[in-house]
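The structure appears below as structure tokens.
The values are calculated or read from the model by the stated rules, or taken from the named source; none is laboratory data. No experiment lies behind these values; they were computed from the predicted model shown. Note that we place each Cβ from the backbone using ideal geometry, even for glycine, and neighbour counts take in every protein chain shown. Keep in mind that these areas ignore ligands, DNA and RNA; they rest on the heavy atoms of the full protein, side chains included. Shrake-Rupley method; radii C 1.70, N 1.55, O 1.52, S 1.80 Å.
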Amino acid sequence: MPNSTALRDALTQSPNNLSLLLLYGRACLEELHLDEAREVFTRALEQDPDQTDAMLGIAKVLFMEGDTSGAAVRAERVIFLEPTNAQAHLLLSRVYLSEEDRTKAIEHFDRAAQIDGTMSDPALERELGRTARDARKTAPAPAAEPASQEAPMSGGGDQDEFFEDPFDDPPYDWRPETFYAPGDPERGNVTFADVGGMEELKEEIRLKITYPLQFPDLYKAYGRKTGGGILIYGPPGCGKTLILRAVAGEVPCNYLSVGLHEIFDPYFGSTERNLHQIFETARANAPCVLVFDDIDSLAMDRRQIRESQMRNLVNQFLHEMDGIRSENQRILVIGATNQPWALDPAFRRPGRFDQAIFVAPPDAPARAQIIELLAKDKPIAEFDTTELIEATNGFSGADLKWVFDRAAELALSAAIHTGQPVPITLELLLAVAKAHSPSTQEWFEGVRTHAQTNEGPDSIFNDMRKFLNAPSNTKKER
Ligand code: ATP
């Protein structure tokens, strides 16, 4: 949270900026300048009498001053205007607790936890003897928030196809196989620290989902929205699946990963309906990251499709992704593929996968990181990694892993036959690496063919051409 002095200075430049007023009010609250906070929130309410953040701000000021009934009246009004305002429920929980009505306090606490999957309030949890996780388990996930009146995340729908959503009826009972709420122990312990390189991609994911949750007011003040679509593409074995898994361990919100078998399920309705249900589940649990690995099987170029059923599925997918659907705010969709040329170009329109990031074979600093990760917890003799980094130019992360696995096998075999511990040495790793060709070579050959037939301005091919033409990458990929 920025400090109040900086925000007050910003407000002198732009005194009627509602978002800045709210941000400043919140900072005053944090710093316990209660009179100033009340004055600022009142100014915000003069601009918009139904501004729920300002109303809630005043309710918090009153609560801190000991006026619990004044706080309750305003928090109730916020909930009347915005039934899924988790902060208002949380405040009411505190109000009821201070009035020793535990039943009501727990009721509002549970509601807050069910609405906001990232909510946690250790002090209140201790006093209530109940964790947010317990609260989420006791009731079904909340319904989606009412459609926002704000402008869409970014414009642009599929202008060339009129598409009517056939699934306006209530969703049937469908449960995803991989759905994690924040704090679920099953989320796994893979995080971005376990993925070498990909700094641009990691930061893009943080910008689109992590930071907006950490600094919601700043995002409002700058008019930035949460979520969107990121397509990641590149040769096999370079860590696309790994980073999708790491997103689960990294982002502080719900995470839904979809296996293709969950969509192409012959026993569970049509594929379009299944896909629709997946998006509905993500929307009902926003903020949420929705992940599709091998997205090329789902988002195929319609010009190459013969069966009408598959075309319908692609149309449905495009429709679900549309940025003009305001309910898609606070959902980040990440798709991964090693065949970007097989995707329908309509997925690259604004409001769908706006961002396409090329995951190239790791460069030298990324290889250094991966080597360090692979060497961890193995019986490895001390060595300077410079020579190995150089010898593995063009290797994918999977190739590097193979080098370490193979060297470990050889060292193990030697240990068994000699009866002595045999460490994995630099010489052994270098010998294995030198006998191995990067598995990405074939993929880059394919890219050349596709790049030749796709001379257009598409950044997907430009990125890959740029990579292929860089002098430092000519050694092994060519
Ligand atoms: P495909 O396109 O074939 O699905 P991929 O790009 O998804 O391939 P992964 O399956 O994520 O590649 O990578 C295979 C394995 O290689 C990983 O499980 C990991 O052990 C190792 N690996 C690849 N890239 C990295 C990386 N950047 N950092 C650490 N390990 C990596």
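Quick notes on this structure:
- The helices (runs of 4 or more DSSP H) found wholly in the range 236-332 and carrying at least 1 residues that are within 30 Å of Ile371 (Cα to Cα) occupy 240-250.
- Filter pass, Glu46 being under 30 Å from the mean Cα position of the chain (by Cα) and modelled with pLDDT of 85 or more: no
- The residue that is nearest to Asn393 (Cα to Cα), counting only those in the range 466-478 that are modelled with pLDDT of 75 or more and surrounded by fewer than 14 Cβ atoms within 10 Å (Cβ to Cβ), is Ala470.
- Residue in the range 446-453 that is open to solvent by less than 30 Å² (accessible area, probe 1.4 Å), part of a helix (DSSP H, G or I) and at pLDDT 95 or above present: no
- In the range 219-228, the residues that are open to solvent by 10 Å² or more (accessible area, probe 1.4 Å) and part of a loop (DSSP other than H, G, I, E, B): Tyr222, Gly223, Arg224, Lys225, Thr226
- Qualifying positions in the range 385-416 - away from the ligand (no atom under 13 Å from the Cβ), open to solvent by 20 Å² or more (accessible area, probe 1.4 Å) and either closer than 17 Å to Cys238 by Cβ or in the same structural domain as Leu468 (by TED's automatic domain parsing) (or both): Ile389, Asn393
- Hits in the range 359-398 - residues which are closer than 18 Å to Leu468 by Cβ and of a type outside the set (A, V, I, L, M): Pro361, Pro362, Asp363, Asn393, Gly394, Phe395, Ser396
Rundown of residues vs (1) within 30 Å of Ala113 (Cα to Cα); (2) under 15 Å from the mean Cα position of the chain (by Cα); (3) modelled with pLDDT under 85, yes/no style:
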position: Pro152; (1), (2), (3): yes, no, yes
position: Ala181; (1), (2), (3): yes, yes, no
position: Arg224; (1), (2), (3): yes, no, yes
position: Gly234; (1), (2), (3): no, no, no
position: Gly237; (1), (2), (3): no, no, no
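- For the range 276-291, the criterion of being within 16 Å of the ligand (Cβ to nearest atom) and under 30 Å from Arg367 (Cβ atoms) is met by at least one residue.
- Filtered residues of the range 368-383 (kept if free of Cβ contacts under 8 Å to residues at least 12 places away in the same chain and within 13 Å of the ligand (Cβ to nearest atom)): Lys376
- Of all residues in the range 250-259 being within 16 Å of the ligand (Cβ to nearest atom) and surrounded by 22 or more Cβ atoms within 10 Å (Cβ to Cβ), the one that is farthest from Leu275 (Cα to Cα): Glu250
- Enumeration of residues in the range 196-243 that are of a type in the set (Phe, Trp, Tyr) and within 15 Å of the ligand (Cβ to nearest atom): Tyr233
- Hits in the range 229-249 - residues which are touching a Lys or Arg at 6+ places or on another chain (Cβ under 7 Å) and open to solvent by 10 Å² or more (accessible area, probe 1.4 Å): Gly249
- Residue within the range 260-272 that is within 14 Å of the ligand (Cβ to nearest atom), surrounded by 17 or more Cβ atoms within 10 Å (Cβ to Cβ) and of a type in the set (Val, Ile, Thr) present: no
- Residue within the range 200-208 that is within 21 Å of Glu372 (Cβ to Cβ), buried (at least 17 other Cβ atoms within 10 Å of the Cβ) and either touching a Pro at 6+ places or on another chain (Cβ under 8 Å) or modelled with pLDDT of 85 or more (or both) present: yes
- Within the range 361-374, the set of residues being among the small types (Gly, Ala, Ser) and open to solvent by less than 30 Å² (accessible area, probe 1.4 Å) comprises just one member, Ala366.
- Meets criteria (modelled with pLDDT under 90 and assigned to a helix (DSSP H, G or I)) for Leu11: yes
- Flag for Gly351 being within 16 Å of the ligand (Cβ to nearest atom) and either modelled with pLDDT of 95 or more or open to solvent by less than 10 Å² (accessible area, probe 1.4 Å) (or both): no
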